[in-house]
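All remarks here apply to the structure that follows.
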Ligand code: ADP
Ligand code: ADP
């Protein structure tokens, strides 16, 4: 389960400016589609439409042949896992932040997810900006570490659909490779949309869509796209 379909989707945040101008693509259940393109092209907008944060003006967004307008927010949130560019953490321990979305998970599973995402050592701490009842200050996390919390959360949640929005953008290249391996592991057998700036980070995607100015400019496998250039 988890097939995603965009059918001739037209979308604008405000009436004066079209953001998506007839975008159509399909992600078969269990496959990975990468969306690459310049900043402002509309890539993140696509992920927001899957969650139905906004309604489209024309076309259809379908999950398992069902229009997202007919699916509850609750069910969308349960079936889609997202690693965003910018992770906002709750005022609670990092372990709690990982557990969010799967509150029934065992401590052992939380620890395993944290280890895979390489944030194992400090999961009992609070994130930065917060202070515990006993006055202990929250731990200052870098952008990359926050992303790893989001990755651990997604590993634990193991949803049928994954959206990785520049999921390794805040990581240094060494950590990026290791996290990429963890992400490849979680995306196995799950329907995955990877949003990326560079083609080089999405070599293994089943299909790559190049989005430019709200339209699909090119599509194909990594090898197809290299051949054309
Ligand atoms: P990308 O992910 O490809 O960088 P986005 O989908 O984030 O692009 O944004 C596409 C365009 O929509 C950009 O020009 C951006 O400024 C605009 N945009 C994004 N979010 C909003 C919003 N909430 N309201 C109005 N315009 C927005
Ligand atoms: P790290 O030490 O893990 O490399 P930094 O906080 O130094 O992380 O940020 C590295 C890069 O990531 C910078 O370009 C920064 O703009 C960007 N960045 C910072 N915080 C975030 C975040 N929460 N999500 C995504 N990118 C971020």
| said: For a quick check: sort 213, 65 by the number of other beta carbons within 10 angstrom, fewest at the front. | reply: 65, 213
| message | Taking 8 Å as the Cα distance limit and 6 or more residues as the minimum spacing, I'd like the relative contact order of the stretch 39-129 as a percentage. | response | 23
| task | Nearest 5 is fine: what % of DSSP beta bridges in the chain come out antiparallel, could you say? | result | 50
| message | On C-alpha positions alone, give me the angle between the axis of helix 143-157 and the longest principal axis of the chain, in degrees, nearest 10. | response | 80
| query | What order do you get for 96-108, 125-137 when each peptide is scored by the mean count of other beta carbon atoms within 10 Å, highest first? | reply | 96-108, 125-137
| task | Specify the residue with the greatest mean-square fluctuation among 92, 172, 14, computed from a Gaussian network of the chain linking alpha-carbon atoms under 10 Å apart. | result | 14
| note | Taking 229, 197 and counting other beta carbon atoms within 10 angstrom, the fewest-first order is 229, 197
| request: Considering only 41, 196, 150, give the residue with the highest GNM mean-square fluctuation for the chain, with springs between Cα atoms whenever their separation is below 10 Å. | output: 41
| Taking the highest mean first, how do the peptides 153-161, 67-75 order by number of other beta carbon atoms within 10 angstrom per residue? | 153-161, 67-75
| Using a Gaussian network model of the chain with C-alpha springs under 10 Å, which one of 44, 200, 187 is most mobile by mean-square fluctuation? | 200
| Can you sort 3, 146 so the residue with the fewest Cβ neighbours within 10 Å comes first? | 3, 146
| message | Counting only helical runs of four or more DSSP H residues, what would the 222 nm mean residue ellipticity of the chain come to if each run contributes -39,500 (n - 2.57) and the total is spread over all its residues? | response | -8500 deg cm²/dmol
| What number, in percent, do you get for the relative contact order of the chain if the mean sequence gap of Cα pairs under 8 Å and at least 6 apart is divided by its residue count? | 29
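Taken together, the values in this text are just the output of simple stated rules run on the coordinates, not laboratory data. All values derive from a computational prediction rather than experimental measurement. Cβ atoms come from the backbone with ideal geometry, glycine included; neighbour counts cover every protein chain shown.
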